[in-house]
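Take a look at the structure below.
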Amino acid sequence: HSTLYHYRIMLPTTRSQSRREQPRRAGERGRVFAAVILGFCVLSFIDTFHALEPYSGRRSLLSTAYLATTSTLLPWAHHYLADVSDTPDPEGETALFWHIPKSGGTTAKRLYQCMGKTLAHRVGADPRFGHDQENEIVVFEPHEGKDWKVVNVDTTIKPGIIRAKELGLVQSHTTDLIFTMEPAFAGEQLYDEDNKGRFLALFRHPVDRAASMFFYLQTATWERTYRPEWAEMTVMEWASLKNFESDYMVRKLVGKKFGDSVSEMDLIIAKELVRQRFIVGLMDEMNESIRRFNIVLGVDESSERSQQCMDDFGLLAPKDVTPVAPAAEEGSDEESKTHATDKKNSNKHPKFKEGDPEFDAIAARNPLDMVLYNYILQLFEDQKLIIDNYFLEAEEEEDETTIDEVANELALLPPGADVSSSLLPAEIQANLANINDPIEDKESQTPFFWHVPKSGGTTLQRMYFCMGFTLANEVGGNSKFDSDRSKIDVISPWSDNPGKVINVDVTSQDGITEAKNRGFLTQTPHPHLDLVSSQEFKFATTTLFSPEHKGRMFALFRHPIDRAVSKFYYLQKATWESTYNERWKEMTLEKWAERDRGENNWMVRMLVGKNNRAVLTTEDLELAKEILRTKFVVGLMDSFDESVHRFNFFLGVDESDALNQDCIGQFTSSEGDSHASVNRKTIETKNQWNSYSHPDVKDGSPAWVSLSKIHFFDILLYRYVLELFDEQRSMFNA
């Protein structure tokens, strides 16, 4: 019979004694070392969103560098899980172990059972123990005298996770370690901002894991997933099955079901989740992995019980000796065992090495998991110093050489680290000036404003018209303005505005081609021109500019989701636009956001020259980032005032001139860039014909999530732009 512990969710409870015995030696916490960020700025960039938030835990120099790169965390992981670099708080966090089949998870589970931890896994909801129908969290011993406890929920499956959520498992603070096979679902459902989780996992080479599972399920009659039909199959036959389970790890990390397709975007999300939120262990490094887990879980390894359990599981061997600890998985008798040995779950089978047909066949069916596992191998090395420095009594001077060596080996994710050599297409490299090239006269260079729709570009152009600038955009191609189309000329379209335009339309590919044929930028003499403005980045760059007459790029950027939502509301009413869609007039934002409406990842596509039907890859994203890094002065709609100041410097505008000051005052916010929402409203107010106030999409809402997936690459690019904007500040301050 089981022993019931009468403390339930409504009563104050504490965690296990071993946690209370954990020495708290963190010392003063909360220091972030900016010097390291500066030191690694060539290698990686600050996660802008995270940098804006207060930090409550001590981070070592290395851990700061480890996390200093672009973040692609999903909202639940960002808000509900502790950073890898945050000092563990075993009393305040609830740890979760992602149990990857045939990767040593059952060994870990039995070890912590041996240590007397209170666990959440399938045993707790077994009807034999009589607590599976309770309407509150119950902690009990399933086997009297075994001295290990479980809670009455099964967190290994989704229905059990829902029940655990309804009963307030994490909020009850009764559980030392949750085991699950559904990390994304459990992370999103069980935790909240006040009750955060700490994720751990043991990983195994995907080929070894898959092969082990194949041979195991040939004979495991006690398993629900027993496959007797595999018994007579060869590995090659099995690996060629149409319903072969592929990329298990990536699929589980992003929350996709078997049968759903997974892509490079899913790999990016999975890698970032593991990098920032998982303490990673390796089945091939069980001793070291368990040592790290014990630090995070607050296990006192010096206690007699811990020593005995570690010895029982072969985890006290010298560090240069690999222990023999079978990676046992779930079996029908798992709840009654405390040792790793389990002949039911440890099956001997052939091993395959790279180059073997079997190895290559399995690897080919798991391409994303192979990339992820290699990335995890690097993370395992990188995390050692972070974990060893969690509980330091005082700051110790770290070996900068060691930090540099480790940081230089970091597998940055997602793509976006500084690229030492430019790999741009030849025409873009030749036809555009580099950002650090000297500014030359208008005879050999012309500023080119890449107009990203609904990002403040029209407001910016109106400000420069106010200053008397001459622009080449769409206005000059309007037939209502009488001009001699046989030559390139200047038009003054408005009697009450000093702004002028060139009599061309460079905002469409047809217009750009016509302008080139008419001698735009090549006619001698050429009329005065202050800047070109077009959405057609690549076509204009390769058609209008040349090595003899280069473009100098600048652009305003806006968060892709905000930009998409703004365009949706605008095109509900803008009957004068060629892209007006009457069907959208009565459509809700939620309905509109359910699927791609033909403009996914507009910025990346425009930069690399791919149409909406072409498949985007991480190489395209990398190229887009490199173009921005080497060729663009970047501005932000949410930092409009500072962006205008930089553009004015870039364009040679005299901001002390009274007329220019008046124009700047008309089109920028009197509140300054510290009030981004005021800035946006100012832009909308001063550009009413091209902008409408509208509801914002709520972060984390269904529409937000859907748009995040649709514009995934643009969101990554925008985050990189935020980093560039911060880095370029020194150019203008100097």
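The values are calculated or read from the model by the stated rules, or taken from the named source; none is laboratory data. Nothing here was measured: the structure is a model prediction, and the numbers come from that model. A quick note on method: Cβ atoms are made from the backbone with ideal geometry, for glycine too, and the neighbour counts reach across all protein chains shown. The area values use the complete protein model at the heavy-atom level, side chains included, leaving out ligands, DNA and RNA. Shrake-Rupley method; radii C 1.70, N 1.55, O 1.52, S 1.80 Å.
A few comments on the model shown:
- Going by accessible surface with a 1.4 Å probe and the largest first, TRP584, TRP148 read TRP584, TRP148.
- Peptides 696-703, 532-539 ordered by average Cβ neighbours within 10 Å, highest first: 532-539, 696-703
- Separation between Cα centres of the range 599-618 and the range 498-550, rounded to whole Å: 23 Å
- Cα-derived Rg over Rh, computed across the range 66-179 with Rh taken as Kirkwood radius: 1.00
- The convex hull around the C-alpha trace of the range 139-221, projected and averaged over every direction, spans 7.5 square nanometres.
- Residue-wise HN-Hα coupling along the range 444-461, computed from phi with Karplus coefficients 6.51, -1.76, 1.60 (Hz; x: Gly, Pro): 10, 9, 9, x, 10, 8, 7, 8, 7, x, 6, 10, x, x, 5, 4, 4, 5
- Karplus-derived HN-Hα couplings along the range 505-519 (A = 6.51, B = -1.76, C = 1.60, θ = phi - 60°), whole Hz, x at Gly and Pro: 10, 9, 9, 10, 5, 5, x, 5, 4, 4, 4, 4, 5, 8, x
- Long-range amide H partners of ILE137 with built H, under 5 Å: ILE9
- For the range 427-506, the direction-averaged projected area of the alpha-carbon convex hull comes to 7.0 nm².
- Isotropically averaged projected area of the range 433-577, using the convex hull of Cα atoms (one quarter of hull area), nm²: 9.6 nm²
- Segments 361-371, 150-160 sorted - mean Cβ within 10 Å per residue, highest first: 150-160, 361-371
- Under 5 Å, built H, 5+ apart or other chain: amide partners of THR156: ARG122
- As a rough guide to protection, the peptides 517-526, 377-386 ranked by mean Cβ packing within 10 Å, highest first, stand as 377-386, 517-526.
- For the range 105-190, relative contact order (Cα pairs under 8 Å, six or more residues apart, normalised by length) works out to 32 percent.
- For ASP83, distant residues with modelled amide H under 5 Å away: none
- Candidate cross-link partners of LYS256 among the lysines, defined by an alpha-carbon separation under 19 Å and a same-chain spacing of 8 or more, comprise LYS158, LYS242, LYS271, LYS709.
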